[in-house]
Every structure is written in structure tokens, then in C-alpha cells.
Amino acid sequence: MKQTRREILQAGSAAGLLGALPIAGFAGSGAPTEMRAQQSSVQLAPAQFPQTNIWGYDGQMPGPVIRVKQSGQVERRFVNDLPQASSIHWHGVRIDNAMDGVTGLTQEAVEPGESFDYNFSVPDAGTYWFHAHNRSVEQVARGLYGALVVEEHVAPEVDRDEVLILDDWLLNPETAQIDLEFEAPHDRSHAGRRGNFIATNGRADYQQSVKRHERLRLRLINAANARIFELALSGMEGWAMSYDGMPLEFPEKVDRNFLLSPGQRVDLIVDIIAEPGETAHLVRIDDQRGISQAPFKVDGEATATRRPSPAPLPPNPNMEIGGVDTAKRLRLNMEGGAMGQLNTAILEGEQKSFRQLVQANQFWAFNGTVGMTEYPFAQMTRGETARLEIYNDTSFPHAMHLHGMHFREIFKDGSLGPLRDTFLMFGGETREIAFVAHNPGKWLFHCHMLSHAASGMMTWVEVS
Ligand code: C2O
Ligand code: CU
């Protein structure tokens, strides 16, 4: 039970001794739990390598898992012990705008030595994550992220529930230190900053031991700067239960490879079917080769038979996207990058040639404008539905993320795709999404390939 500050004070004076102690020392006293962004070092690369210097929440990479019940409250005092200003964005949460953590749009950057209190409710169950949102291309690559798990009131029956955060790091192959060239023009103008070392939950030796016929819930999060993970299952049979936190109406059997772009999540329920003595794997496909991303060693049998297929997760509240036919029409052209067609665009209010953009280390434009604008890309009234056609007129894939609201793809036949907050688009594609502007405030809309976001692919939507 949550004790109020008043109750603590009364208990203190009743005891006659505790009155002099600092109130912050008591759990539930009203002072939020701290989460400190700190420099530290972790054994990221295999044991024969030195430790890697990182920036992490509470010095950990990934940061501590935050678990909270649906419709509960997340309260953290973010303390910045870094040499750089920072902030925390709670990716995918239908959050109060003031808590969204976007520096320069929803809050001031938290300077070194300062703190900021995040306090918000979580209306939706599912797998979310949090990460730095100031100089994200650097701060996320240095390790400032973690999982936010919002538990259903009635959770599905599984033997265990595991968060698997997938990431790649660009490491010096001798020293195992993170490459500090975060603004490399080649990364920005091509596929983004891609690492040379790939791991799960920040460990080279991630592994689990399981029993045959155990059922696991795997919460996959792609925290990479730019890598699109192509994944498959081996020795286990699984169902996709939700994307980007939002439950599917019908679980989808995983019977082929699937993609997870930066920023995206998928919740899987998997049954271990490998025999005792064998190893089941979450497999990553790299250059058409299957590599173990996460091994699950089978060391016995849980039961003789398997469970029936899982029932869908309970839906989250008020997720209907109505009024698609009469919706406000918006269009976004993505342009630029290497091998693109962009000749000229507006940067900070001035028309520039592509050559001038390159000199400014800027490469991408939305509707002819590079980076953030003074006025929003779209101005909407609360409750209004928008359909947004997006044309990827570039040679690269992009993972577009809308803050604060989920959307669905509208397919050519008029049917709707699953709810998502991050949407992967390949070069040359035109696709359409729809969302309801139910959440007032200023919401960023950007590519989650963070080098792209830092070099032009960023805009915003205002809901009033
Ligand atoms: Cu996960 Cu604006 O980002
Ligand atoms: Cu991009």
C-alpha cells in the first residue's frame, strides 16, 4: 500500500525519534525515485576485451527496467550527472505532452548537475522504452536507454517474461571503446550509424536456460541507432502478440523472418520446442546468414505436452481510428541523402543548394525543409482524424516515429494495419497512415535512424 507523506510524518512523530530524519529517506514519502544519467563502464564486448565506457541510467546499459501496472504512475527524478545536457523521452507512451522529454519543444534540456521530475500515468499496457532525447544520436549510442514495461491488469499466463533489447555499437576493435565520431557525414547521408558489435541487453554472452514446452513472453526492443534487425525463431514456436505496445486483435504466428526497425517493439509469446540438450534461438539474419542473437539452452522438460495457442492480449482503451474517409489529408515527401534527387531545400529559413546543405552536414528534407520548423507541419484540433500519405523519395529505408499517438497504415484496399508508433518505409515507397489527434500538445515526427533525425528528418505536429 502506498503511504502518504502525511502518514509517514504522523508515524514519525508517534515514534518520537524519526522527526529529524530527512523525509526523502522514506519510500513513498513523496520524493520520486532518482534515475541518474552517469558515466560508467560495463563489460560489453567479450571477456578478453576491456570494459567499455558508456553513459547509462544509474550507470547501467540498458538502464534499469521500469515496470508499472497499466493506468499506474511513473515517477522519476532524472538527475543529470553527465557532462552534456540531456532529457528523457518515453517512447510510445500516450503521455502528457509536458512529460514527453523533447528538448526545445516540450521542455528545456536538463543541464549537467540539474534534475527534472518526470511524473505521468501510463494508459496502455505493453512494451515501451525510454531514451535520451537531446543529441540522441550521441546519447542513445552511448547507452542512455532502457525498457518501460506496462503490465496488463490480467497478464497472459507464461513461465517467464523477458525484455530483450537489441542494439549494435560502433566499437574500436582493440580497445572496445565507443567510436565518438557521432556526426560522420557518411553515416548521416547513407543508412545511418551502424555498429560493428551486436548484442542483447548490453552483453556479449546473453543466454537463458529454459525447459522444453516452457512458454516465454519475449519483449523485443530495437534500440539501435540505425540497424534494422531481421529476425527469426529456431527451436521455438511463436506468435506476435503486439507491435509497439499495442495488442493485435489476433496473434500472428511467426512463420517467417520479420523486421524490427529502430524504435520498434514486438511482444512475442514463444513455446520452446527444441529437445532437452538442444538450444533454441532468436536468430538474426546478417548477409543471408543466420546468427544467434539470443540462445535459450534447453535443460529438461517442463511438461509432456504443450499449451494451446495464446489468446489475444486485452486491447488498450480508446484506440479506435474513426473518420478515415472524411479525414484531414496530409502529405509528406521525404527527400535527400546520398543517391537522392534533392537539389535545394530550406535550412533555417533560407533556400540552400544541396552542396550548401552538405557543407552544413545536413542531408535530408521533409516537404523541402530541413529539420525543425517554427510552425508545425500539421496543425490539428483535438479529436480530428488525419490521413497522411508519405512518399519516400530517397534511396534508403526510414523508420518514422510519431510521438504521443499511435497510427495505423491504410492499405491500398482500404483495410487498416496494426497500431504502431514507428513505421518502416523503404526507398521509393508511397504509403499512407491514419491517426486521431486525441492528445493535445506538440508532437515530434521524425526518422528514428538517429543520424537522419540529426541531419534533417525531423518535424512536428500540433494538436490544440
Ligand atoms: Cu524514440 Cu523522438 O524518439
Ligand atoms: Cu531515416
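Nothing in this text is a laboratory measurement; each read-out follows from the coordinates by a stated rule. Bear in mind the structure is a predicted one, so any value in this text is a computation, not a measurement. With ideal geometry, Cβ positions are generated from the backbone for all residues, glycine too; neighbour counts draw on all protein chains shown.
Rounded, prolate or oblate: which fits segment 340-464 when a ≥ b ≥ c are the square roots of the eigenvalues of the alpha-carbon gyration tensor, with rounded for a/c under 1.5 and prolate only if a/b beats b/c?
Verdict is oblate for segment 340-464.
In segment 170-265, which trypsin sites (Lys or Arg not before Pro) are in a loop and have at most 11 other Cβ atoms within 10 Å, using DSSP for the loop call?
ARG256
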(message) Loop-only GluC sites (Glu not before Pro) in segment 315-365, please: DSSP not H, G, I, E or B, and at most 12 other Cβ atoms within 10 Å.
(response) GLU320
(message) Can you return the aspartates and glutamates within cross-link range of LYS352? Criterion is Cα-Cα under 17 Å, with same-chain partners fewer than 8 residues away left out.
(response) GLU335
(request) Report relative contact order for the chain in percent, whole number only (criteria: Cα-Cα under 8 Å, sequence separation at least 6). (result) 13 percent
(request) List the GluC sites (Glu not before Pro) within segment 357-412 that fall in a DSSP loop (any state other than H, G, I, E or B) and whose Cβ has at most 15 other Cβ atoms within 10 Å. (result) GLU374
(message) Compute the distance from the alpha-carbon center of segment 355-372 to that of segment 389-459, in whole Å.
(response) 19 Å
(message) Placing unit charges on C-beta atoms (Lys and Arg positive, Asp and Glu negative, everything else neutral), compute the dipole magnitude of the chain about its Cα centre in debye, rounded to 20.
(response) 340 debye
(message) Under the rule a/c < 1.5 gives rounded, and otherwise a/b versus b/c splits prolate from oblate, where does the chain land using the Cα gyration tensor?
(response) rounded
(message) Using alpha carbons only, how many angstrom separate the centre of segment 88-145 from the centre of segment 171-247?
(response) 21 Å
(request) Report the normalised scattering of segment 305-387 as log10 I(q)/I(0) at q = 0.22, 0.25 Å⁻¹, calculated by the Debye formula with identical scatterers on the alpha carbons. (result) -1.01, -1.15
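What value, in deg cm²/dmol to 500, does the helix sum -39500 (n - 2.57) over DSSP H runs of n ≥ 4 give at 222 nm once divided by the residues of the chain? Don't jump to the answer; show the numbers that get you there.
Values: 5 runs with 30 residues, N = 464.
That comes out to -1500 deg cm²/dmol.
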(message) Please enumerate, by chain and number, the lysines with C-alpha under 29 Å from the C-alpha of LYS69, excluding those fewer than 8 residues away in the same chain.
(response) LYS2, LYS211, LYS253, LYS442
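Once you order the gyration tensor axes a ≥ b ≥ c over the Cα atoms, which shape class does segment 225-276 get: rounded for a/c under 1.5, otherwise prolate or oblate by comparing a/b with b/c? Kindly include the intermediate steps, with their values, before the conclusion.
Values: a/c = 2.46, a/b = 1.34, b/c = 1.84.
Verdict is oblate for segment 225-276.
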(message) Just want to confirm a number: the relative contact order over segment 231-271, from Cα pairs under 8 angstrom separated by 6+ residues, in percent.
(response) 53 percent
